[in-house]
Structure formats: C-alpha cells, structure tokens
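One structure is given here, and the rest of the page talks about it.
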Amino acid sequence: SKRLKNLQICRPFVYGNMAVPLKEDRSPDIPPDHTHSWTIFLKGVNGDDLSSFVKRVVFKLHETYPNSSRSIEEPPFEVTETGWGEFEISIRVYFVPEASEKNVVMYHHLKLHPYGPEAEQQKSDGATVTSMQYDEFVFNEPAESLFEILTKK
Ligand code: SLL
C-alpha cells in the first residue's frame, strides 16, 4: 500500500530475561547440570499488545539447546528454559505483511548471575535476576495499512 511521507511512528517495547536458581525440589526431568530456570521475552510497554503488527518473534538460543531456533507466533512472545550458562540470544521480529517492513533483530546477553553490590545477598536469597532493555520500533514513512493498524483504537 501507499507510504505516508514525512511521517514517523514509534512503538515502545522491552526485551530481556528473568532467571531464578533451581531449587532442591526441581523436577526430575531437568538435567542435573542445569542450575537456573530463565525466560527470554519481548513485550509491549504497560501491557501494550504488540501482536496487531508483530507476526512472530524468533529467539535463537545457544546451539547446546535442542531446536535452538524458537519461533513464537503469538503473545506472550517468550521462551522459558533451564540451563547452566549465559550466552547471547538473538531476537528477530517479523512484522505482519500489511506493514511491508523488514524484520529487525536485537541481541540480548542472557543473564543468570547477579553482580554488583547486592550480588552476595541476592545469591543467598535465591532472588530473581532480571536484565532488560527498553527500545522502540521506529517506522519511517509507514505503509498506510500499517498506520491504520497502529492508530486504530
Ligand atoms: C558458556 N559460552 O560456556 C557459554 C555457553 C551454553 C549454555 C553457555 C545448555 C543447556 C542444555 C546450556 O545451558 N547452555 O544442555 O540443554 O558459559
């Protein structure tokens, strides 16, 4: 569809991970060398639903994971796993066809271990570790059909 000149439209989002140390009462299905349960996610800000314009999100995990490329086609756009190590995850976002936008990719370093002044306390508490970032999708001269999707209430 036609593109709207001299217009830019932005949609905020956050992406990142949460992790918790596995406890003694862990499920017997979890491999013994796994130390943490974690979730990698991409979501809207303030409960915003991204699925009107995001078609799917592909999280590419470390190749030590089976089916390391995880495609999520509807919200919540997230993957939960267990493991023992930190690594970089690529998060590729595909937009709906009406958007006529190329996919975009972000990289997130999976964080399992606390660091900094509170690290020792957090470790002994078994506290949840969070690492997330704010960003924005910026659509320059958006297709009319994307503009309609983004502005309809
Ligand atoms: C490291 N470079 O050595 C990193 C690699 C890979 C983590 C970390 C696998 C779990 C599974 C897992 O936790 N991989 O075997 O399913 O720290």
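The values are calculated or read from the model by the stated rules, or taken from the named source; none is laboratory data. Only a predicted model underlies this, so the values are computations on that prediction, with no experimental measurement involved. Don't worry about glycine lacking a Cβ; one is built from the backbone with ideal geometry, like all the others, and counts go over all protein chains shown. The area values use the complete protein model at the heavy-atom level, side chains included, leaving out ligands, DNA and RNA. Shrake-Rupley method; radii C 1.70, N 1.55, O 1.52, S 1.80 Å.
For every other residue with a beta carbon closer than 10 angstrom to the beta carbon of F137, add +1 if it is Lys or Arg and -1 if Asp or Glu, then tell me the sum.
Value of the local net charge: -2.
Leaving ligands and nucleic acids out of the surface, order F95, F147 by accessible area at 1.4 Å, largest first.
From most exposed to least exposed: F147, F95.
Using the Karplus curve 6.51 cos²θ - 1.76 cosθ + 1.60 with θ = phi - 60°, work out ³J(HN,Hα) for each residue of the stretch 105-118 in order, rounded to whole Hz, and write x for Gly and Pro.
These are the phi-based 3J(HN,Hα) values: 10, 10, 10, 10, 7, 4, 10, 10, 9, x, 9, x, x, 9 Hz.
Using Cα centres only, tell me the gap between the stretch 1-51 and the stretch 98-153 in whole Å.
Centre-to-centre (Cα) distance: 7 Å.
With every protein chain present, what is the per residue accessible area of the stretch 28-123 (1.4 Å probe, Å²)?
Dividing the accessible area of the stretch 28-123 by its residue count gives 58 Å².
Please give the solvent-accessible surface of L7 in Å², to the nearest 10, using a probe radius of 1.4 Å with every protein chain present.
About 60 Å², ignoring ligands and nucleic acids.
Mean residue ellipticity at 222 nm from the helices of the chain, using -39,500 (n - 2.57) per DSSP H segment of n ≥ 4 over the full residue count, to the nearest 500 deg cm²/dmol?
Calculated from helices alone, the mean residue ellipticity at 222 nm is -2500 deg cm²/dmol.
Excluding P32 itself, calculate the net charge of residues whose Cβ lies under 15 Å from the Cβ of P32, where each Lys or Arg counts +1 and each Asp or Glu counts -1.
Here the charged neighbours net out to -2.
Diagonalise the Cα gyration tensor of the chain and give the resulting equivalent ellipsoid semi-axes, square root of 5 times each eigenvalue, largest first, whole Å.
35, 16, 12
Lys and Arg at +1, Asp and Glu at -1: add these up for the other residues within a Cβ distance under 9 Å of H113 and post the number.
Taking every Cβ under 9 Å from that of H113, the sum is +1.
When the dipole is taken about the Cα centre of the chain, and only Lys, Arg (+1) and Asp, Glu (-1) are charged at their Cβ, what size is it in debye, to the nearest 20?
Computed about the Cα centre, the dipole is about 660 debye.
Heads up, I need the accessible area for M18: 1.4 angstrom probe, whole protein in place, Å², nearest 10.
The accessible area of M18 comes to roughly 90 Å².
Can you give the relative contact order of the chain as a percent, counting alpha carbon pairs under 8 Å and 6+ residues apart?
Result for the chain is 36 percent.
Quick one: of K2/K43; K60/K123; K5/K102; K5/K43; K2/K102, which pairs are farther than 21 Å apart, Cα to Cα?
K2/K43; K60/K123; K5/K43
In whole percent, and with a 1.4 Å probe on the protein chains, what portion of the accessible area of the stretch 1-136 is carbon and sulfur?
Using a 1.4 Å probe with all protein chains present, the stretch 1-136 comes out at 49 percent carbon and sulfur.
Based on the inverse mean of 1/r over its pairs of different Cα atoms, what is the Kirkwood hydrodynamic radius of the stretch 48-125, in Å?
Kirkwood radius, the stretch 48-125: 14.5 Å.
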